[in-house]
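The values are calculated or read from the model by the stated rules, or taken from the named source; none is laboratory data. The shown structure was predicted, so the numbers you read here are calculated from the model rather than taken from an experiment. Every residue, glycine among them, receives a Cβ derived from its backbone with ideal geometry; neighbour counts consider all protein chains shown. SASA here: full protein model, heavy atoms, side chains in, ligands and nucleic acids out. Shrake-Rupley method; radii C 1.70, N 1.55, O 1.52, S 1.80 Å.
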Amino acid sequence: PCGSRAVTSSLEGRHKVWDIGSGACLATLPGHQLAAGVVDQTRDGRHMLSVGDKDAADLMLWDLNSYEAIHTMKGHSGCILSAALSDDDRMAVSCQSTPGVQQGIRVWDLESGTCTAELQDGAV
């Protein structure tokens, strides 16, 4: 978003923050137990949303200046298929989709890290 940093994720659950100009690794962020995915950065480049895979089924909001986790948001019982930030970077939406597990969409308030709404579908 700000053009100066990029974030990658690994199968080991870590993220690396890179300086685009120099190619240097600025930080390695732990967090998820299993494979992790970077979903999005806020428009101002100050925060990042990531998801855990498989049994972890959590979202994490990171401060990209301090390299600290702000919130770990739990609530899904299956693999998180996708997540996205709202246009104003105040909310996130996540969707789980695992065969045989109840499907669900959750809406998260990023300031508090709490789930504010949940939409459920039957097991597939």
Only one of (1) open to solvent by less than 60 Å² (accessible area, probe 1.4 Å); (2) over 20 Å from residue 30 (Cβ atoms); (3) of a type in the set (Asp, Glu) does not apply to residue 111, and that is (1)
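Taking strands (runs of 3 or more DSSP E) that fall entirely within region 66-124, which contain at least 1 residues that are modelled with pLDDT of 85 or more and polar (S, T, N, Q)?
Values: elements: 68-74, 80-85, 91-96, 102-109, 114-123.
Hits in region 66-124: 68-74, 91-96, 114-123.
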Restricting attention to region 18-29, does a residue exist that is at pLDDT below 85 and exposed (fewer than 15 other Cβ atoms within 10 Å of the Cβ)? no
